[in-house]
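**Student:** Just dropping this structure here.
Computed from the coordinates by the stated procedures, all read-outs in this text should not be read as laboratory data. If you're wondering where the values come from, they're calculated on a predicted model, not measured in any experiment. Methodologically, a virtual Cβ is constructed for each residue, glycine included, from the backbone with ideal geometry; neighbour enumeration extends over all protein chains shown.
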């Protein structure tokens, strides 16, 4: 849900060609790769430097299940630090002064994470609180403790604790009785940055003083506010806000004088800004037209570091060594999975540590996305990410899919997506629509779908389909719709409310009954519950009439087109019953319905074996019902 499940008047006008580029038919000997070949790519993330900088602690799915590894910064050699064959293991950090390790793990996607330590004696659960969720909040400046959040006291709210790394006894620092969200803690441990959700667009920002127990509200008017980082000397709080602006910009708040000054503004959202260990560098990220751009500023000189440039690749995931001499980052793009690099600031040399693309795949056979824009039914300009198969020409028209992101307030970006590349490689064009209500395009655009889901946002997707149908390389009679979570809802909304618009539907763990979903949200979402109700509707009020009206389950008799549904049994956000019931209802219509269920997955599929099954079944379904010239429909 907006800003929770994960991320115009005036209408934003951007100098961007709304016509797609000419088809690239220069690729020689184009191959269609199997799902096993595609999923033999590796996904690597994270990267905590060891004390001596000789290795990085990362997470990888090279065995099929996410586990943690150490990677030599000289040779790139991977050494496993965990060997789970079921629940995913995600690395957090090395300890500040030694090679002990922190990591987190839940139970096959149930989102009840515990924080664990691995040392020479074995593995210890540092947060063994049954039925609770714990989150790592960062190391103390003195390196003698770390901070974490846990909802063990009250399943609705996360209290803030400090864990001493000598005794491993937690101390309660802040009892969260009002549903605040942790945003950061100062190096002197005097201040806590907290936000409180007003609605899915706005949050109030506070500084809590541990000494006098006082709260100071930072924002003067209702707006979107989030703490970025405290200054190293703990005198200032940097934060983002969208006061008097469509996009968020960076501000600095003086804690003693209570004065504010604007630090940085761009014509896009500034999404994060943080300091290296001793404050020599400030790392700032910007969401520029669905692509992340990172700037690293030397705070002593005021100049930006010039990182290496990479063809068709952008830098993300920047992290510094504690002595601020080395950087790790990832490079990739829509046509390439992300590789890990280390960079020496003094020598300006970058070393590539991974090569995650399967050697059997020719990288020139991958497809680079492009940003297009089209006018919707009411003139609002809708951005979208377009993937065009190499084999598509006006004499070889291809079927297509409109793809809808999660959220509702998410965003489809120009990032690598294995399912997208797999389908495009097999001859399906994909238009990832950022319909109204998507993040990244200004707060007016973001709020356009409030209390309007299944209506104008769906019409945007239909206009995306119409845009596809107008392209000379697209078979306009073979266009489907696909999405996960909120995107799955949009898929089912399309098949029930506009049953003749799309030829097939691919629903990955999508909401089908808003009344049930909004009543059964996980307890630890309590701080966001009222905001969700303001955007989507309160199921315990008169809004229930509208929520029932926009819930596909209650209109399933209208489904006439082939449908495939994929769901994880452990999903705490969209319950399995959502998919069970829509599948059962659609089958009554005597239309093709396929159901793929995973007993060991949550909200999204993270195990390679399950991804292979899921994506392979999706392609088989599309080849059967979308590539056919005549699609079976209810008579």
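**Student:** Over segment 324-412, what relative contact order in percent results from Cα pairs under 8 Å that are six or more residues apart?
**Tutor:** Averaging sequence separation for qualifying contacts and normalising by length gives 17 percent for segment 324-412.
**Student:** For segment 365-625, what's the relative contact order in percent, using C-alpha pairs closer than 8 Å and at least 6 residues apart?
**Tutor:** 16
**Student:** Kindly work out what percent of the DSSP beta bridges joining two residues of segment 365-625 are antiparallel, to the nearest 5.
**Tutor:** Here the antiparallel bridges make up roughly 30 percent for segment 365-625.
**Student:** With viscosity set to 1.002 mPa s at 20 °C, what whole-number translational diffusion coefficient in µm²/s follows for segment 526-587 from Stokes-Einstein and a Kirkwood radius over Cα pairs?
**Tutor:** 159
**Student:** Please state, to two decimals, what the Cα-based radius of gyration of segment 339-466 comes to when divided by 2.2 N^0.38 Å (N = residues).
**Tutor:** Here the answer is 1.30, to two decimals.
**Student:** Right, next: Over segment 430-584, what relative contact order in percent results from Cα pairs under 8 Å that are six or more residues apart?
**Tutor:** Reported relative contact order: 22 percent.
**Student:** Which ordering of 221, 345 is given by a fewest-first count of other beta-carbon atoms within 10 Å?
**Tutor:** Going from least to most buried by this count: 221, 345.
**Student:** Return the calculated 222 nm mean residue ellipticity for the chain, to the nearest 500 deg cm²/dmol, obtained by summing -39500 (n - 2.57) across DSSP H runs with n ≥ 4 and dividing by the residue count.
**Tutor:** Per the formula, -4500 deg cm²/dmol.
**Student:** Please report Rg (one decimal) and Dmax (integer) in Å for the Cα set of the chain.
**Tutor:** 24.4, 74
**Student:** What order do you get for 624, 167, 512 when you list them from fewest to most C-beta neighbours inside 10 Å?
**Tutor:** 167, 624, 512
**Student:** Another one. What translational diffusion coefficient, to the nearest whole µm²/s, does segment 205-324 have by Stokes-Einstein, given a Kirkwood radius computed over alpha-carbon pairs, a temperature of 37 °C and 0.692 mPa s viscosity?
**Tutor:** 211
**Student:** Moving to a separate point now. What number do you get for segment 365-625 when its Cα radius of gyration is normalised by 2.2 N^0.38 Å, N = residues?
**Tutor:** 0.95
**Student:** Rank-order 432-438, 128-134 by packing density, defined as the average count of other C-beta atoms within 10 Å over each peptide's residues, highest first.
**Tutor:** Answer by packing, highest mean first, reads 432-438, 128-134.
**Student:** With N denoting the number of residues in segment 522-635, provide Rg(C-alpha) divided by 2.2 N^0.38 Å, to two decimal places.
**Tutor:** 1.27
**Student:** To the nearest whole percent, what portion of all C-alpha pairs in segment 36-352 is separated by more than 36 angstrom?
**Tutor:** Distances greater than 36 Å cover 19 percent of the Cα pairs.
**Student:** Using mean Cβ contacts within 10 Å as the protection proxy, how do 558-568, 298-308 order, highest first?
**Tutor:** Descending packing order for the listed peptides: 558-568, 298-308.
**Student:** Given 10 °C and 1.306 mPa s, how large is the Stokes-Einstein diffusion coefficient of segment 316-402 in µm²/s, with Rh as the Kirkwood radius over Cα pairs?
**Tutor:** Answer, rounded: 95 µm²/s.
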